[in-house]
Amino acid sequence: MSKQYKALELVGRFNKGDFIGDLPEHEIVRLLENKVIVEVKPEPIQATKSQIKKEA
């Protein structure tokens, strides 16, 4: 799974809050250093009790 980044301000064609994609690695590094984008960490998905019972 590739990393995802979120724009903190306008970045080219990406608006504030958009997920950034299709940029070269060196551009991603530069934007991270300038704190214009941040890496989005996926949150773990917790199964509910009813989902666990259905799988068992």
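The values are calculated or read from the model by the stated rules, or taken from the named source; none is laboratory data. The structure presented is a predicted model; accordingly, all values stated were derived computationally and were not measured. Methodologically, a virtual Cβ is constructed for each residue, glycine included, from the backbone with ideal geometry; neighbour enumeration extends over all protein chains shown. Areas reflect the complete protein model, heavy atoms only, side chains present, ligands, DNA and RNA absent. Shrake-Rupley method; radii C 1.70, N 1.55, O 1.52, S 1.80 Å.
Okay, here's what the table says:
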| quantity | calculated |
| --- | --- |
| Sequence of Leu31, Leu8, Leu23 when ordered by accessible area, the most exposed leading, probe 1.4 angstrom | Leu8, Leu23, Leu31 |
| Other-chain or far-sequence residues with amide H under 5 Å of Gln4's (modelled H) | Val40 |
| For the range 11-25, 3J(HN,Hα) per residue [Karplus equation, 6.51 cos²θ - 1.76 cosθ + 1.60, θ = phi - 60°, Hz, x = Gly/Pro] | 10, x, 8, 9, 8, 4, x, 6, 7, 8, x, 6, 10, x, 4 |
| The range 31-40 - phi-based ³J(HN,Hα) in whole Hz, Karplus 6.51/-1.76/1.60, Gly and Pro as x | 5, 5, 4, 7, 6, 8, 10, 10, 6, 9 |
| Sequence-distant residues sharing a close amide H with Asp18 (under 5 Å, placed H) | Ala7 |
| Separation of the Gln4 and Val29 label points, Cα + 7 Å toward Cβ, nm | 2.5 |
